[in-house]
Amino acid sequence: MAYNVLMIASTSFFSDYGNHVRIWEETRALQRRGHRLVLASYHNGDDMPGLDIRRSWDVPWIKRAVVGSSRHKLYLDVGLAWRALRVALKLRPSMIHAHTHEAAAIGLPLRQLLGVPLILDYQGSMTSEMLDHGFLSRSSRLYRPVHGLEQTLNRAADAIMTSTHNAAAQLRATGVVPTEHIHAVPDGVDTERFRPYDGSAAWAAQRAELRAQLGIPTDRRIIVYIGLLAPYQGTNLLIETARMLCARRPEVHFLIMGHPDPQSYRRYAESLGVAGNVTLPGRIIYRDLHSYLALGDVAVAPKMSLTEGNGKIANYMAMGLPTVAFATPVAREILGDTGLYAQMGSAEDLAARLEQALDDRELAGRLGAAARRRAVAEFSWERAARTIEAIYAEAHARRKAPREQAIAPSRRVGRHGE
């Protein structure tokens, strides 16, 4: 069955980071399988080829992407709700697919209006994200209402898709959501585009040119990072790690890619005396990301959140890069035994594990090759799309069954009264 899907994304789609990549790759994979998708999103963000994006009303004082928790989302979501309502009335979707809890809150009345399933694409706990971003504290009077709203939205969804098995297990443990409504759909990766450096002349020339553009000396060994720049992502700690490691290994260079506000992190690197060993180029266009990752000898994933996904790791793995991450349940789930793990929150241990990956080239090569094999075997977006189709079908069948049961008795009464 081909579905007519209204996706709702309470974010500035597209903006070249994890959740946006998941949305983009899911839509592409579902479209390839014959489904129609329309995406309702904020007023700003990049348009993407082949995707029908309907944007909310313009907010002229907000130009750059709104990342994470923000007071601006209070009115941005009002505008998005209006756009989603208008699109829903015209499109008459057979499925509503909400990315994040805020989008689910917009989708819930539309589900009631149209009588179609609501799927929550769960990127992590809304309350935990607010805590991670410092937008909320456990002592705040708002903590319990926000947490209660999250639980209500979890219960209301016809199905929940989590980006990790760890998140699915945490949801099941709460007992709030029926187990059969929870499905893990791990982040995937395009293993044709994200592939190991092959040493070809053309690729070698491209690498040399890109390294020169970034101003990285040719004798440096490069540790790469891609993602949002924020304390909960481990960015501050990563630059502290650079200070420790480069003090004893001056040939090491950190290429820390992402946004927002790379300038503040450049100043931080300068204050620690490692500006010459740290490059922060800012936002990297997703279609070019593989070229930048190919500069790396080692990849690092220092994310501090215990609840969110970590899709960058699959990209590292597909590139065949030995990867060092903090020992979180999510990192272990994705990397398995193909990664090196540092003690959570320890810059000293992170520096030690990175140094191990740089020094032991045999180990690094073995881990990188194993990670590539794992990515190819387990993290395909086509595989994810087939799983999503099955979730759609199951949710559709559950929503359809009560209506048929309600109709059946009335038909029997009609026959007996004849």
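Of note:
- Condition check for Y265 on (1) among the aromatic types (F, W, Y); (2) within 18 Å of R283 (Cα to Cα); (3) surrounded by fewer than 18 Cβ atoms within 10 Å (Cβ to Cβ): one failure, at (3).
- Entirely in segment 124-236, the strands (runs of 3 or more DSSP E) that have 1 or more residues that are assigned by the TED database to the domain that holds A105 and surrounded by fewer than 21 Cβ atoms within 10 Å (Cβ to Cβ): 182-184
- Test: S94 is crowded, with 18+ Cβ neighbours inside 10 Å, free of Cβ contacts under 8 Å to residues at least 40 places away in the same chain and polar (S, T, N, Q): no
- The requirement of being of a type outside the set (S, T, N, Q), in contact (Cβ under 8 Å) with a residue 60 or more places away in the chain and buried (at least 19 other Cβ atoms within 10 Å of the Cβ) is fulfilled nowhere in segment 45-64; no residue meets it.
- Top-ranked residue in segment 365-387 [being surrounded by fewer than 21 Cβ atoms within 10 Å (Cβ to Cβ) and either touching a strand residue (DSSP E or B) at 6+ places or on another chain (Cβ under 8 Å) or among the acidic types (D, E) (or both); ranked as farthest from E251 (Cα to Cα)]: T387
- Scanning segment 152-176 for residues that are in contact (Cβ under 8 Å) with a residue 24 or more places away in the chain and more than 21 Å from the chain's Cα centre (by Cα) gives A156, D158, V176.
- No other residue among G273, G296, G311, G282 is more than 19 Å from A208 (Cβ to Cβ) and in contact (Cβ under 8 Å) with a residue 40 or more places away in the chain apart from G311.
- A single member of W57, W61, W24 is in a helix (DSSP H, G or I) and either over 20 Å from I388 (Cα atoms) or at pLDDT 95 or above (or both), and it is W24.
- Just so you know, in segment 391-403 the residues that are farther than 15 Å from I96 by Cα and not charged (D, E, K, R) include one that is modelled with the lowest pLDDT, and it is P402.
- Restricting attention to segment 237-253, the residues that are free of Cβ contacts under 8 Å to residues at least 40 places away in the same chain and either crowded, with 17+ Cβ neighbours inside 10 Å or touching a His at 6+ places or on another chain (Cβ under 9 Å) (or both) add up to 5.
The values are calculated or read from the model by the stated rules, or taken from the named source; none is laboratory data. Nothing here was measured: the structure is a model prediction, and the numbers come from that model. Note that each Cβ is placed from the backbone with ideal geometry, even for glycine, and that neighbours are counted across all protein chains shown.
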